[in-house]
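Rule-based calculations on the coordinates, nothing more; no lab input. Just so you know, these numbers come straight off a predicted model, no measurement behind them.
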Amino acid sequence: MVGYVGTHGTNPAVRKVPYDAVRDFTPIAMVGGTPNILVVQPSMPAADLKGVVAHYRGIAPAIKEFIAGQTMMMMPGLAAEIGKALAAKSLQDRLAGEAIEPMPMTSEQFGRFIQAELVRWGALARERKISLDD
């Protein structure tokens, strides 16, 4: 599974999620980071961010079931292979075309990064009193 700041940083900071972003996942490798924007289809029945959030709350049970049914299968050396791939100029250029900055990390570094993101976004959400759970 590929996660990003939303699944492992901002969402857990501002709402109750059906998973623990640290305990329920095993970090393998960091690929890169990118800016975030929110874009929706014009036909979506939502006029603002709150409406978008309300529209998607219905999929949480499906996500929880999917996550609960997964079995972690570590592939030996996967993080190292991802790190090697990220060192290639051709992949770096391709990622740059998608506004992704390569951020190779070991499994341990990636785990610490996830924990730090949870602390960072959680502090911001508490400080600004941001919550999507009413």
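A few points about this structure:
- For region 94-107, the Karplus equation 6.51 cos²θ - 1.76 cosθ + 1.60, evaluated at θ = phi - 60°, returns couplings of 5, 5, 4, x, 9, 6, 10, 8, x, 9, x, 8, 6, 4 Hz by residue, with Gly and Pro reported as x.
- Calculated from backbone phi, Karplus (6.51, -1.76, 1.60) coupling profile of region 14-22 in Hz, x at Gly/Pro: 10, 7, 6, 10, x, 8, 9, 4, 9
- Full extension of the chain segment joining ALA85 with GLU98 gains 3.0 nm, where the gain is 0.36 nm per residue of separation less the Cα-Cα distance.
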